[in-house]
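The values are calculated or read from the model by the stated rules, or taken from the named source; none is laboratory data. Just so it is clear, the model here is predicted, and its values are computed rather than measured. All Cβ positions, glycine included, derive from the backbone under ideal geometry; neighbour counts span all protein chains shown. Side chains are part of the model used for accessible areas, which takes the heavy atoms of the whole protein and leaves out ligands, DNA and RNA. Shrake-Rupley method; radii C 1.70, N 1.55, O 1.52, S 1.80 Å.
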Amino acid sequence: MFNPWTIIIALGAFVAWRWIASEKKRVSGELEKTRRSRKQVPVELQRDEDGVYRPRDER
């Protein structure tokens, strides 16, 4: 017969292993989402009356 502590430790290790695996997937998904949202959007320039190029005012 197995020692009850052996079963408890084995079950705890299994739960921790599965939890760490799911956290890795969650964190990598969040990082990927952050990377996709940070892609640079080209800034449109507009020429002023003075001939200076400035970012377009989107208001």
Any residue in the stretch 38-59 that is open to solvent by 100 Å² or more (accessible area, probe 1.4 Å) and part of a helix (DSSP H, G or I)? no
Test each condition in (1) surrounded by 10 or more Cβ atoms within 10 Å (Cβ to Cβ); (2) not in a helix (DSSP H, G or I) for Gly29 and report the one that comes out false. (2)
